[in-house]
């Protein structure tokens, strides 16, 4: 009987180990205060240690306490955060810049709604803070193959952020529907440097499980796992803005 119990215990331990090996892992950053709540990053990794998604996570207190209607202040630390991303997962993203715009921003009557800009950067924070050269910002633009089709950059770049590329087929630009969410690419010195879901506060509050595809460029300059869709998921008192469906792409 004792031998049987030992064998059963060993078998149970073996199955538990195998189960742990097959379990998806989550790599979280430290939580950072944003008004009355907390924000952090999360990278999901599969059993082969490959990243499957990267997200910015906001607890309900953030969505319920961000100020609305005040002039948007891009210089205020209270409205602008730098959230690190785990580098153990092999994703090309280095950190996430979170910008809260309590009255939106230009263009007038399009993006002038309370909303978040979530910049997922492919470069590190020190590099981004040096994005101030007007030639690198507004003249050294990426080759067309590295920006998705139908994307244009109609305005000068933003120092310490980058130049923004908009999808001309986005419905809010054609006046078809009011702005609720959109997806933007960013560049500096001929390189794509960020992916940006831009989403209104109302849309985040009222959508429990939203998904949309991300327009894809023909080429990428750095090999790695890149997102193919973005999602909004609510659970356990948090809202996740997810870059999902990470797929390995080879630099070309």
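Just to be sure before I move on: is residue 167 surrounded by 13 or more Cβ atoms within 10 Å (Cβ to Cβ) and on the phi > 0 side of the Ramachandran plot in the structure I sent? Outline the logic, then answer.
On the way: surrounded by 13 or more Cβ atoms within 10 Å (Cβ to Cβ): yes; on the phi > 0 side of the Ramachandran plot: no.
Answer is no for this residue.
Mind listing whichever residues of the range 214-252 are assigned to a strand (DSSP E or B) and more than 16 Å from the chain's Cα centre (by Cα)? If the condition is that a residue be assigned to a strand (DSSP E or B) and more than 16 Å from the chain's Cα centre (by Cα), then 235, 248, 249 are the ones that fit.
The single condition from (1) assigned to a strand (DSSP E or B); (2) touching a strand residue (DSSP E or B) at 6+ places or on another chain (Cβ under 6 Å); (3) surrounded by 14 or more Cβ atoms within 10 Å (Cβ to Cβ) that residue 211 fails is (3).
Could you check the range 156-187 and list, in sequence order, the residues that are over 23 Å from residue 246 (Cα atoms) and in a strand (DSSP E or B)? Within the range 156-187, 158, 162, 163 meet the criteria.
Just so you know, all these numbers are worked out from the coordinates, no wet-lab data involved. Source: prediction; values computed, not measured. Cβ sites come from the backbone with ideal geometry, for glycine too, and all protein chains shown count toward neighbours.
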